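Notes follow once the structure below has been shown.
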Amino acid sequence: MRLTLPKRFQSVETPAPRTERSRLEDQFECDLREALQATPYDVENNVLLDNFVALPILPGTKAGVLSRETRKRVHFLIRTRQSHLPVAAILLTTQAYGRDRRQFTVQLTTPVQGQAIIPVLHLDPRRLRGASAVAEILQPHL
């Protein structure tokens, strides 16, 4: 009868989890949160705004035309920390290559009270690299 002894066990080190995010939208979100870290503003992602007045600001322009929006999904919403009033919304003008199969929950917000005008910034995450570039673009609208 032949004996089969177990082979020596070699410990396999598991690699550390990735802290960097590969998609453009994820990297932009990290840069946005870093840019607003020392300010009195907070960031929420994938928000559905309901019944508000939008001021769409396209890339390369400083102003836009007011329009009444009944429902609009934005990628990021910047709010004040204490009163939770919306200050600005961000729509990304580009999508990363491939379909993003992650399921995001859409956060519903209450209608904006007092007929507030929310600037909706259309930003290209490929052109904004780093928190300083994001902060420079957001500064006039905060």
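The values are calculated or read from the model by the stated rules, or taken from the named source; none is laboratory data. Note that the coordinates shown come from a computational prediction; the quantities given were computed from them, not determined experimentally. Methodologically, a virtual Cβ is constructed for each residue, glycine included, from the backbone with ideal geometry; neighbour enumeration extends over all protein chains shown.
Within the range 66-81, the set of residues being within 20 Å of the chain's Cα centre (by Cα) and surrounded by fewer than 14 Cβ atoms within 10 Å (Cβ to Cβ) comprises Arg71, Arg73, Arg81. Consider Asp42 carefully, then state whether it is at pLDDT below 85 and among the charged types (D, E, K, R). Taking the combined requirement at face value, the residue does not satisfy it. Taking the criterion of being among the charged types (D, E, K, R), farther than 16 Å from Leu121 by Cβ and more than 14 Å from the chain's Cα centre (by Cα), the only residue of the range 22-64 that qualifies is Asp50.
Of the residues contained in the range 50-65, one or more are found to be modelled with pLDDT of 75 or more, surrounded by 10 or more Cβ atoms within 10 Å (Cβ to Cβ), among the aromatic types (Phe, Trp, Tyr) and assigned to a strand (DSSP E or B). For the range 114-138, residues that are in a helix (DSSP H, G or I) and either more than 11 Å from Ala88 (Cα to Cα) or among the aromatic types (Phe, Trp, Tyr) (or both) total 7.
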